[in-house]
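Visitor: Just dropping this structure here.
The values are calculated or read from the model by the stated rules, or taken from the named source; none is laboratory data. Every value quoted in this text rests on a predicted model; they were computed, and no experiment measured them. Positions of Cβ are generated from backbone atoms using ideal geometry, with glycine treated the same way; all protein chains shown enter the neighbour counts.
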Amino acid sequence: MKDRILKSNVFVYFIDNDDQYIRDVLSNFEDVNDYNVQIYSRSKDFFSDFVLLKPSRKNVSIVFVSTILEMDDNGNPVEIIDVLKKIKQINPKSEVILYSDNDDINLVSSAFHFGAYTFIKKNENFLLRLENNIKGILSQKNFILKKQSSWFATKLFIIFFLLIAGLIAFVYILFPQWFAT
């Protein structure tokens, strides 16, 4: 079980100016209480909390970002790409998933360029896609952990084999008569 990410180490964030929509969607998500889920209506509030979570190989951060966010202090809409860049700057291993009612291809391609994991369209399948993306990310992260653990075990085996071979060579040099037939 040590080579597996626990659901309690999964942090799922939502940034959406319509946070009630997300609350309604999550009320139908059975596994939602297994994860650390937080909903933010302002990206500024999200970042003040997000910087406190220390990245580690056993913690997974999944950030769902609506393509329509709040207005900044100057009355301009907060830019999605800026939010994505800042998330990746704080924690490069976090997975960012954009979602929206419309699919602006320019925004989506720019987001992929800056490290977005995927894009989900808000429709009747939104909850299913949300669940599948979380499970897919966890599956990938668990596979990487297992692979790293397997590589470590392989290194230990090679070192052990080399030590035994070196010990046999050392004994052969000191006592060659033991190996004569």
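Visitor: Are there any pairs, at least 6 apart or on different chains, whose C-beta atoms fall under 6 Å, with the first in segment 122-133 and assigned by TED's automatic domain parsing to the domain that holds Asp16 and surrounded by 15 or more Cβ atoms within 10 Å (Cβ to Cβ) and the second modelled with pLDDT of 90 or more and among the hydrophobic types (A, V, I, L, M, F, W, C), and if so, which?
Guide: Listed pairs, sorted by first residue: Arg129/Ile120; Asn133/Ile97.
Visitor: Of the residues Asn17, Asn28, which single one is part of a loop (DSSP other than H, G, I, E, B), in the same structural domain as Leu128 (by TED's automatic domain parsing) and surrounded by 13 or more Cβ atoms within 10 Å (Cβ to Cβ)? So that I can check it myself, show each step before the final result.
Guide: Values: Asn28 fails: surrounded by 13 or more Cβ atoms within 10 Å (Cβ to Cβ).
Checking each option against the conditions leaves just Asn17.
Visitor: Cβ-Cβ below 8 Å, separation at least six or inter-chain, first residue in segment 68-91 and of a type in the set (Asp, Glu), second in a loop (DSSP other than H, G, I, E, B) and surrounded by 15 or more Cβ atoms within 10 Å (Cβ to Cβ): which pairs?
Guide: If the second residue must be in a loop (DSSP other than H, G, I, E, B) and surrounded by 15 or more Cβ atoms within 10 Å (Cβ to Cβ), the pairs left are Glu70/Asn17; Glu70/Ser41; Glu70/Arg42; Glu70/Val78; Asp72/Val78.
Visitor: Within segment 58-93, can you find the residues that are surrounded by fewer than 13 Cβ atoms within 10 Å (Cβ to Cβ) and part of a strand (DSSP E or B)?
Guide: Met71, Pro77
Visitor: Going by the structure shown, is Phe119 aromatic (Phe, Trp, Tyr), within 30 Å of Phe29 (Cα to Cα) and at pLDDT below 90? Break it down into steps so the answer makes sense when it comes.
Guide: On the way: aromatic (Phe, Trp, Tyr): yes; within 30 Å of Phe29 (Cα to Cα): yes; at pLDDT below 90: no.
No: the conditions fail for Phe119.
Visitor: Okay, moving on. Looking at Leu138, Leu145 in this structure, which one is farther than 30 Å from Ile80 by Cα, within 20 Å of the chain's Cα centre (by Cα), surrounded by 12 or more Cβ atoms within 10 Å (Cβ to Cβ) and in contact (Cβ under 8 Å) with a residue 60 or more places away in the chain?
Guide: It is Leu145.
Visitor: Could you tell me which residue of segment 94-115 is farthest from Asn9 (Cα to Cα), considering only residues that are among the β-branched types (Val, Ile, Thr) and surrounded by 14 or more Cβ atoms within 10 Å (Cβ to Cβ)?
Guide: So in segment 94-115, the residues among the β-branched types (Val, Ile, Thr) come out as 96-97, 105, 108.
When the remaining residues are screened for being surrounded by 14 or more Cβ atoms within 10 Å (Cβ to Cβ), the result is 96-97, 108.
On the way: Val96: 17, Ile97: 18, Val108: 28 Å.
In this case the residue turns out to be Val108.
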